[in-house]
Amino acid sequence: MAAPTPTLEVAPEDTAITPVDDYFSWGRYPRAVHRSVKKIYWQDEIPRALRDAQPASMLAYGLGRSYGDVCLNDGRDLIDVTGCNRILGFDAQTGVIRAEAGVSLGELLEVIVPRGWFLPVTPGTKFVTIGGAIANDVHGKNHHRAGTMGCHVNRLLLYRSDCGPVVCSPTENADMFAATVGGLGLTGVIGWAELRLKKVSSALIDAETILFRGMKQFLQLCSDSDAEYEHTVAWVDCFSGKNFRGVFFRGNHSERQGRVRAKKSSPGVPFDFPEWLLSGSTIRLFNSLYYTAQKLKPRRATIHYDPFFYPLDSVPGWSRVYGRRGMLQYQCVLPEEHADALEHMMALITSAGHGSFLAVLKKFGPVTSPGIMSFPRPGLTYALDFPMRGERTLRLLDRLDEIVSAAGGAIYAAKDARMSPEMFQASYPRWQEMRHFLDEKFSSSLWRRVTGA
Ligand SMILES: Cc1cc2nc3c(=O)[nH]c(=O)nc-3n(C[C@H](O)[C@H](O)[C@H](O)COP(=O)(O)OP(=O)(O)OC[C@H]3O[C@@H](n4cnc5c(N)ncnc54)[C@H](O)[C@@H]3O)c2cc1C
């Protein structure tokens, strides 16, 4: 029997609200059909949009760089905040900047770097909005030193449907602040946020690349580097077995002045790659070539921040290489004493005939994350991409969950499209506290999936 066609309530033409099926998440799985998407350009449009919204119907959408369904609201409404993209104030002496939530990290960098400042925390892409970075309380390569993005937010303005705009900070409406940072967009719409930036001397990074083998060497490199290097992360060849090979990247903002031009973006990926290109052997070959390429690079180099922090941004639309069915990213964190569980995961992935182009390993530090539902916590975080191959892929990820769960670990909601309610609730043990702070007009595909709300 054919699946029933979703009924869409079409709004009157003059309201600029139209049913939409082209708002995706980065993994392009799952697909969603939204009843409406309202793009706003001025913050004063937010209260009206909230007033008119039905209960549990609304979700803010940034640049859709979350991989799964945390930024989707299937069958319901989105409010696209990327039009609210003004910088409202910047004190170049103190490095405090206030910007609307739709400003991207890339747009911020263009303004702040020439004035000697940098983002306090950045994820692996700069095509992320401030609102999205706070709602997922994102982390970067400097987690061991700086914690998450939420640690650097002085205050933010939150629009709620029940009580209008509320200023929240670690000292003012502190409980609402803790629910909004890492709150997956469910406490309302962030209008603006004030961030404390990091002072830098230039746009340059003194970067170092070190080849390593196995978990023991990886952990040694982390402890050797944590005090001296602000940024550390490793790439791992997930096909290379128990004594896996990897490349450790570490770096600091350079004291050197001078200009190094950022590499131009490539033309991008204009179409979905065919599925046969994504066989285990292609992915294995890619891993081998990538390792060899890193081996040939000089160990030390002073480079622009773009290739250091955002290597994938130079290939626009790269997730299309995973084909029409999209991809799933899997990111977990495990207590360090259960590092062996990562080796089991790698063995399981290889024996299941799967593999990942980009498997990333990082040791999170001890800084406490400020959000009730923030993901980062001390331990080892491991992130992998998988082409979506239906049930086979979903079964593998369930088995990885079993390993993570037995080791007392957690899954990152910003990357997830399929974890079970049990896995979510074990990953975010304080999730029930969110019930006091949820805005009744907000919901998301992820939230309904993992809580049954
Ligand atoms: C290549 C790549 C690398 C990445 N690397 C990392 C990494 O290193 N570390 C990391 O932590 N993450 C990483 N991510 C994930 C990404 O940083 C997060 O998913 C981020 O939240 C996406 O922001 P966005 O603006 O695209 O928001 P969206 O994906 O559109 O939305 C994310 C969440 O934010 C909410 N939201 C958006 N705007 C607002 C607002 N104004 N008010 C309230 N809620 C809002 C949405 O409702 C949703 O719940 C990476 C993603 C990619 C594609």
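When the Cα positions of Val96, Tyr229, Ser319 are compared along the charge dipole of the chain, Tyr229 comes out farthest toward the positive end, with charges on each C-beta of Lys, Arg, Asp and Glu. Modelled this way, with points 7 Å down the Cα-to-C-beta line, the labels at Asp162 and Leu88 are 2.3 nm from one another. Ordered from longest to shortest, the equivalent ellipsoid semi-axes for segment 204-420 are 27, 23, 17 Å, each the square root of 5 times a Cα gyration tensor eigenvalue.
Ignoring the sites themselves, the chain has its longest run without GluC sites (Glu not before Pro) in a DSSP loop having at most 15 other Cβ atoms within 10 Å at 256-439. Distance from the C-alpha centroid of segment 64-142 to that of segment 294-348: 21 Å, rounded to the whole angstrom. Entry note, the chain: the mean residue ellipticity at 222 nm calculated from DSSP H runs of n ≥ 4, each adding -39500 (n - 2.57), is -7000 deg cm²/dmol after division by the residues and rounding to the nearest 500. Here the chain is assigned +1 on the Cβ of each Lys and Arg and -1 on the Cβ of each Asp and Glu. Its dipole about the Cα centre then comes out at about 1380 debye. Legend: P(r) of segment 45-108 from all alpha carbon pair distances, 10 Å bins from 0, whole percents, reading 18, 40, 29, 11, 1. Percent relative contact order of segment 356-422, based on C-alpha pairs within less than 8 angstrom and at least six residues apart? Answer for segment 356-422 is 29 percent. Report the calculated FRET efficiency for Thr282 and Glu337 (r = Cβ-Cβ distance, R0 = 35 Å), to the nearest 0.05. With R0 = 35 Å, the Cβ-Cβ based efficiency is 0.45.
Computed on the chain, with alpha-carbon pairs under 8 angstrom and 6+ residues apart, the relative contact order is 18 percent. The reciprocal of the average 1/r between distinct C-alpha atoms defines the Kirkwood hydrodynamic radius, which for the chain equals 22.5 Å.
Length available on full extension from Thr292 to Ala347: 0.36 nm per residue minus the Cα-Cα distance, which gives 17.6 nm. A cut-off under 9 angstrom between Cβ atoms defines the neighbours of Leu119, and their net charge, with Lys, Arg +1 and Asp, Glu -1, is +2. For Glu228 and Arg299, a Förster radius of 22 Å and the Cβ-Cβ distance give a FRET efficiency of 0.90, rounded to the nearest 0.05.
Laboratory data are not the source of any read-out in this text; all were calculated from the coordinates shown. Not measured: the values here are computed from a predicted model. Positions of Cβ are backbone-derived with ideal geometry, glycine not excepted, and every protein chain shown enters the neighbour counts.
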